[in-house]
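Beneath this line is the structure, given in structure tokens, with notes to follow.
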Amino acid sequence: MGKPDAEGHGPSDGLPDLPPEWGRVVVPDDASALAAEAAQIRRELRQAAGRPRPHRALALPLLVLLIALLTTFAGLLAVTWPRAPRGTDRPTPTPSSPPASLTGRALPALDLVDAGQAPVPLRGLLPAMIILVDDCACPDVVAEAVAAAPAGVTVVTVTEGRAVSTPPPINGVRALADPAGGLRSFLGPGAATALLVDRTGVVTRVLPDLGPVDAYRDDLSALAA
């Protein structure tokens, strides 16, 4: 038969005594009286379970550091890796194409001026051989062109600006000036020294320089046809 407990409340029925630091332990007859204490214990257990462990707390910084190292290494590799020569995927730029030939084009309706600054429609002088004499009046060459021109073909000398510059008087030459620069805009810079234009206003030949008259005599004669 058991002995009375330390408080003299009766036998312990052979069970070991509780630790003295627990104090007095009272077991209620109704278990619902312990509901509040049970809820408190469950909350404490959940809080303890949710706390991150030390190795979990270090995992995220280590992962970020690893990604940064891999990114840096990939960038260095892309910069230092030898590149293969470029293929022909891109077309090679070609030099600017020369202007299209003026031969076969229609002469614009231009008004030049004579020595008295009176307007002269250039198309009214067709068919014609038009010679630009800005850099050189070249009277001998102009005279040869006049001598080779058949009847009805006008030889026109043209200077830039308003001042009409002409070689020594040559019969059959019409000296004009191009104050608006329309003829030079049509020819382009350095494109020609002379051009032959038929009666319909179409350019039949462009001469980079006059040269000997035999080089264009046949074309000059054809203007009268």
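The values are calculated or read from the model by the stated rules, or taken from the named source; none is laboratory data. Because the structure is a prediction, the values reported are computed rather than measured. Positions of Cβ are generated from backbone atoms using ideal geometry, with glycine treated the same way; all protein chains shown enter the neighbour counts. Surface accessibility is based on the protein's heavy atoms, side chains included, excluding ligands, DNA and RNA. Shrake-Rupley method; radii C 1.70, N 1.55, O 1.52, S 1.80 Å.
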Inset, instruction - Those residues that are hydroxyl-bearing (Ser, Thr, Tyr) and open to solvent by less than 40 Å² (accessible area, probe 1.4 Å), I need them from the stretch 208-225; list them, please. - result: Tyr216
Inset, instruction - Any chance you could count how many residues in the stretch 104-141 are open to solvent by less than 50 Å² (accessible area, probe 1.4 Å) and touching a residue at least 60 places away in the same chain (Cβ under 8 Å)? - result: 16
Inset, instruction - Residue by residue through the stretch 180-207, note down the ones that are over 24 Å from Arg162 (Cα atoms) and exposed (fewer than 13 other Cβ atoms within 10 Å of the Cβ). - result: Thr200
